[in-house]
1. Write out the trypsin sites (Lys or Arg not before Pro) in region 49-113 meeting two conditions: DSSP loop, and at most 15 other Cβ atoms within 10 Å of their Cβ.
2. I'd like the orientation of helix 405-419 relative to the chain: the angle between its Cα long axis and the longest Cα principal axis, in ° from 0 to 90, rounded to 10.
3. Let me check against my output: what whole-number percent is the relative contact order of the chain, with C-alpha pairs under 8 Å and at least 6 apart?
4. At 1.4 Å probe radius, can you tell me the per residue accessible area of region 404-545 in Å²?
5. Starting from a Cα-only point model with no solvent, please compute log10 I(q)/I(0) by Debye for the chain at q = 0.05 1/Å.
6. Provide D536, D239, D525 ordered by accessible surface of protein heavy atoms (probe 1.4 Å), highest first.
7. Could you list the GluC sites (Glu not before Pro) in region 363-471 that lie in coil according to DSSP, counting only those with at most 13 other Cβ atoms within 10 Å of their Cβ?
8. Taking the mean number of other Cβ atoms within 10 Å as a proxy for protection, how do you rank 546-556, 484-494, 438-448 from highest to lowest?
Amino acid sequence: MSPLNVSRIAVAFLLVGNVLVSAPRAVGGDNYAFLVAVGDYDVKQFKPLAYTRNDVLEFAKALTDSGFKSENIVLMHDVLKTLKSQRYLPQAEKIRKEFDLLLSGVDEGDSVIVAFAGHGVQFEGDDRNFFCPVDADLEEPKRQSLISLKEIYTKLEECPADRKLLLVDACRNDPLSKLARSREKVKLNSVTRPQIEPVPKGIVALFSCSAGQESYEWPDLEHGVFFQQILTGWKGAADTGDQELSLDELVAYTRKNTQTFARLKLGAIQTPQMKGEFNGTWVLRKLGIPSTLASSIGMKLTLIPAGEFWMGSPDSDEDAHGAEKPQHRVKITKPFYLGIHEVTRGQFAKFVADTGYKTEAEADGKGGSGYNESTGGLELSKPKYNWKNTGFTQTDEHPVVNVTWNDAVKFCEWLSRKEKVEYRLPTEAEWEYACRGGMDTRYSFGDDAEGLIRVANMADATAKSMWGKSITEEKGFLKGSDGFAFTAPAGRYPANPFGLHDMHGNVCEWCSDSREKYGSALRIDPVIDPQVIPSDEIRAVRGGNWNGWPEHARSASRLQPQTLWAGYPPRKSVRLDGLGFRVLSTPTSAY
């Protein structure tokens, strides 16, 4: 898709204090923001703009997420149906009045962000640059309907806030519409970026492109290319690892990624340019990692902290087998987000509706497993069973089952593309660490298997009465009843200490790596972020399920391929009515 052929000068001014953070600042002070977006211009004057308002509106949200109080943010835009008040319609005199009101309350130590997004012009013979409000009139001789950068500079110089950073996102294509009556009367400067008037002392300026270049928009981003990098960098991508975003990091990130995007997507050169300088390091914000993550399909993930744990089973566990030993120390070095419960049928249905995907149970005609009500038994490998039909009642809130490892990976790839955030299956180590919730007992709540009745959907008395006759070994049924003979709605039972539901039961879950012996790597203490690179078709499966025994639900349990589901090893293509998955994302990709 080619960039929109529209005129755009988005001008953003950023006046920053020592630290823009939600945590306490090193120097006392408040954070303020003055944000103006114009896109719906008079077509007899200017071309309409597509994404300038997106730039500023999302920037406002990013600032709020950074700790700005909503009452300290003035937002002016021209979408009348969502405008807070006519007072905030971005006309020239209203902009001046609201800007003066905001700055009148700013003190030393405070920080102020001022952002303008819209058309900009420069007239021949006039070294001033102007921002065009919604009521801009190019023929008006005194140019009072335009906002001069010089008047903004003056107000910023007089402002007592500590430090000042000017951002200018300018796309200097011809801003005039074909209907513009001013086209023959007004002579504008070059359509590419001209030399910018001198930046006053005390202000560092970062421009979206260098002199003689153009600044671009891109429909897939729904933002200007430069401003998209500012937004992404501000949210954390520019940080090099110390959880503090500095001005140097933001500038370097924005320059590199704007250049790369323009080269690859546009076949053009767009090189952000910085003017002015500042001695020392500016920490723009502390990067707090959100405790939760939500997707557009209703999926919720919770942050699992980094830490160490004992992986596997001790020799004292009589239910453990060789594949769970030796118990060894593992260190998870980075926090990650994990779905609070398994992927549901409703969420999987959105994937299918969006892509037309056919699960392997449907595509190869072999089907999956399910419950035969007429015989009262459980069946394997029947064409009639798939993720939409299990033989027992499921709603959109129930975990999706009869999906293979391959199906689960395809879902993750789709969601990653859709959300522009990486989603994947957890490794075995990540899964067990999350399941334990900081505990070293058999289960996240202790060692008593009957306690599963309170927190998990397992084979219980209710299940035994309905389909128990199809199971030859009855010793594993829990004595109590958890309320469900088959799958339960995801998240129905209490969460573990990490806020995760259904880790011990409901459905078993695919992991990303291969199920192999813990091996020689255990000579390292602790083992760092272990991941077994798959060498064959076998994949790890973790957790108990609605028709499983208590020993299968232990945090350390590794289901044995030779006995799993009547001889079904967990190959990538296995599909069963007690097997689903949950997804993982990382803070680096998600925030």
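1. Listed in order of number, the matching sites are K69, K84.
2. 20
3. 13
4. Solvent-accessible surface per residue comes out at 42 Å².
5. So the normalised log intensities are -0.31.
6. Accessible-area ranking of D536, D239, D525, largest first: D525, D536, D239.
7. Counting only loop positions with at most 13 other Cβ atoms within 10 Å, the GluC sites (Glu not before Pro) in region 363-471 are E373.
8. Result, highest mean Cβ count within 10 Å first: 546-556, 484-494, 438-448.
The values are calculated or read from the model by the stated rules, or taken from the named source; none is laboratory data. From a predicted model like this one, the values you see are computed outputs, not experimental measurements. Every residue, glycine as well, gets a Cβ built from its backbone with ideal geometry; the counts of neighbours run over all protein chains shown. Surface areas here come from the heavy atoms of the whole protein model, side chains and all, with no ligands, DNA or RNA. Shrake-Rupley method; radii C 1.70, N 1.55, O 1.52, S 1.80 Å.
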